[in-house]
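What follows is one structure encoded as structure tokens, with my remarks underneath.
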């Protein structure tokens, strides 16, 4: 059924590939750490500080409504040299929206992000990693590259711990992987950002062990 596309990367990668949605980087010169759902007043600064200490670059898939609440924090992400990407304006399943509503959502999110950061996102990941066919087509018409992920920490789960997050995110980790994490608990279990922040040093160590850098998802080296 091609009118609706369910594409959570770690569950049905063949479906994602069938629709041309990347799960990995187009090269194997690094690992991309990606953070969804922010900016968050506590989680984002904690993650930024750990990345700064490690000299690591990441990609932040920002939610427009959160950017409007905290534009200065969104600007801090960009000022620190990280890539700004798009996660929509409202964190709602695309499957529940009309094409017109989706277009308005993307436009509003892009305006908020541009106003706050001065950056124009090049990549798009929908809420929950689930595309509709209309949403996928709209993103591509808007020159937004869709991207999912090849590794995740499942850090949004209530029972997750820093140890389980790090273990899941790095199991079988390879150069070229895209790792899904969250710097915000705005749409997940309360306090989940603390567990992600605590797991991040171990994840960074695992990337360093591979002998490759953490790179932005659009970075080509």
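Each value in this text was obtained by applying a stated rule to the coordinates, not by laboratory testing. Because the structure is a prediction, the values reported are computed rather than measured. Quick reminder, even Gly has a Cβ in these numbers, built from the backbone with ideal geometry, and neighbours come from all protein chains shown.
Contour minus end-to-end for residue 27 and residue 120, with contour as 0.36 nm per residue of separation and end-to-end as the Cα-Cα distance?
On the way: separation 93, 0.36 × 93 = 33.48 nm, distance 2.26 nm.
So the chain would gain 31.2 nm between residue 27 and residue 120.
Annotation: the residues 170, 99, sorted from fewest to most other C-beta atoms within 10 Å of their own C-beta, follow the order 99, 170. Spatial offset of segment 199-221 relative to segment 33-88 amounts to 16 Å, using the alpha carbon center of each.
Each of 107, 183 was scored by other Cβ atoms within 10 Å of its Cβ. Arranged with the fewest first, they read 107, 183.
Mean separation of Cα pairs under 8 Å and 6+ residues apart, divided by the residue count of the chain: what relative contact order is that in percent?
Working: 466 pairs, mean separation 68.5, N = 221.
Relative contact order comes out at 31 percent.
By the helix-only formula, in which each DSSP H run with n ≥ 4 contributes -39500 (n - 2.57) and the sum is divided by residues, the chain has a 222 nm mean residue ellipticity of -12000 deg cm²/dmol. Highest mean packing comes first when the peptides 53-65, 129-141 are listed by Cβ atoms within 10 Å, giving 53-65, 129-141. Modelled spin-label separation between residue 194 and residue 80, with each label point placed 7 Å from Cα along the Cα-to-Cβ direction: 1.9 nm. The length gained by stretching the chain between residue 158 and residue 108 to full extension, at 0.36 nm per residue less their Cα-Cα distance, is 14.9 nm. Each of 128, 89 has some number of other Cβ atoms within 10 Å of its Cβ, and from fewest to most they run 128, 89.
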